[in-house]
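A.B. asks: This is the structure I have questions about; it appears just below.
The values are calculated or read from the model by the stated rules, or taken from the named source; none is laboratory data. All values derive from a computational prediction rather than experimental measurement. So basically every Cβ, Gly included, is an ideal-geometry build from the backbone, and we count neighbours across all protein chains shown.
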Amino acid sequence: MPVLVLRFAALLLLCLAGPVLARASDATRLRVMTFNVRYPNPDDGVNVWANRRALFVQTVAAANPDIIGTQELFATQGADVVHALPRYSWFGRDRRGGHADEHMGIFYRRDRLRLIRHGDYWLSDTPAVIGSMAWGATLPRMVTWGIFEARATHRRFVVFDTHFAHRDEDDGARERSAAMLMAELAPIAGALPIVVTGDMNATPDSAAYRLLAGRLTDAWVASPVRVGPDRTFHDFTGTPDRRIDYIFVRGFTPLAAAVRTDHAATVYPSDHFPVVAELRFDAIRPGGRG
């Protein structure tokens, strides 16, 4: 594998140098990544998982996130990541309720965070029914969530990770999925701070995006410092043509965001660029539990 391209990494360090250096003394910060892994498709030719696995791990290690919301993750890929980066654990069922298909797997740093509770539901009219589909979607779509506690401060927060329907004609399904996701935030999170990660397959001019951004903060848009292109899907070309991967928050202030374009020659870790956001917990409101 050629040497990992460092130009973007250098820019990212410049962008996030303050938060990185502050981590030891400022425990009010959280670094989040969302990453569509691209499932291990044997028909991907030069882009098969075996050829990009090491680069994927290097990209995660360089970003050094506390939390990663993934999409299209297969259990074998999750095992590869935690084998190479043993400080991380991950959880989640696949979209059919087992571990043989795609997961919305959530990774977290065990030394920084404690997992309190986790669960999932399906984006359908019967969200408790495993593998259920609705609204014209051709595959089961779901949300994996986890309640975490920061070990240094005991601050709690909730992460929701999802992957909306992918076809052009699925606008209605994506809008309904966004509405259901928003409706389930309060029953699960209550007043706790929230992070939503996902490949929404929805651009910023869509109804699904407007529903999410109307009640949550788009970390990329709100960050005072941004590095990288705003578009994220590039189909292994390195030239992204649309923005569909997001980090939304409530109860956090975004400090910096980056769309990482790590690659080694013509090899990319995935067909999506990951998004990384440096967040700061907002002050606890009187009577709040965050």
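A.B. asks: Of all residues in the stretch 190-211, count the ones that are under 19 Å from GLY146 (Cβ atoms) and either surrounded by fewer than 21 Cβ atoms within 10 Å (Cβ to Cβ) or without any contact (Cβ under 8 Å) to a residue 40 or more places away in the chain (or both).
C.D. replies: Residues flagged as under 19 Å from GLY146 (Cβ atoms) and either surrounded by fewer than 21 Cβ atoms within 10 Å (Cβ to Cβ) or without any contact (Cβ under 8 Å) to a residue 40 or more places away in the chain (or both) within the stretch 190-211 amount to 3.
A.B. asks: Among the listed residues ALA258, ALA265, identify the single one that is crowded, with 23+ Cβ neighbours inside 10 Å, out of contact with any Asp or Glu (no Cβ under 6 Å at 6 or more places or on another chain), within 24 Å of ARG53 (Cα to Cα) and of a type in the set (A, V, I, L, M).
C.D. replies: ALA258
A.B. asks: Can we say LEU255 is in a strand (DSSP E or B), at pLDDT 95 or above and out of contact with any Cys (no Cβ under 6 Å at 6 or more places or on another chain)?
C.D. replies: The answer is yes for LEU255.
A.B. asks: Just wondering, is there one or more residues in the stretch 142-150 that are over 20 Å from ILE67 (Cβ atoms) and either in a loop (DSSP other than H, G, I, E, B) or touching an Asp or Glu at 6+ places or on another chain (Cβ under 8 Å) (or both)?
C.D. replies: No, the conditions are met nowhere in the stretch 142-150.
A.B. asks: From the set of residues in the stretch 108-165 that are of a type in the set (Asp, Glu) and buried (at least 21 other Cβ atoms within 10 Å of the Cβ), which is farthest from VAL196 (Cα to Cα)?
C.D. replies: Among residues in the stretch 108-165 that are of a type in the set (Asp, Glu) and buried (at least 21 other Cβ atoms within 10 Å of the Cβ), the one farthest from VAL196 (Cα to Cα) is ASP120.
A.B. asks: So, one more: Restricted to the stretch 22-69, and to residues that are touching a Lys or Arg at 6+ places or on another chain (Cβ under 6 Å) and among the charged types (D, E, K, R), which residue is surrounded by the most Cβ atoms within 10 Å (Cβ to Cβ)?
C.D. replies: ASP66
A.B. asks: Okay, moving on. Anything in the stretch 158-205 that is in a loop (DSSP other than H, G, I, E, B) and either in contact with a strand residue (DSSP E or B) (Cβ under 8 Å, 6 or more places away or on another chain) or of a type outside the set (D, E, K, R) (or both)? List them, or say none.
C.D. replies: Of everything in the stretch 158-205, those that are in a loop (DSSP other than H, G, I, E, B) and either in contact with a strand residue (DSSP E or B) (Cβ under 8 Å, 6 or more places away or on another chain) or of a type outside the set (D, E, K, R) (or both) turn out to be PHE164, ALA165, HIS166, GLY190, ALA191, LEU192, PRO193, MET200, ASN201, ALA202, THR203, PRO204.
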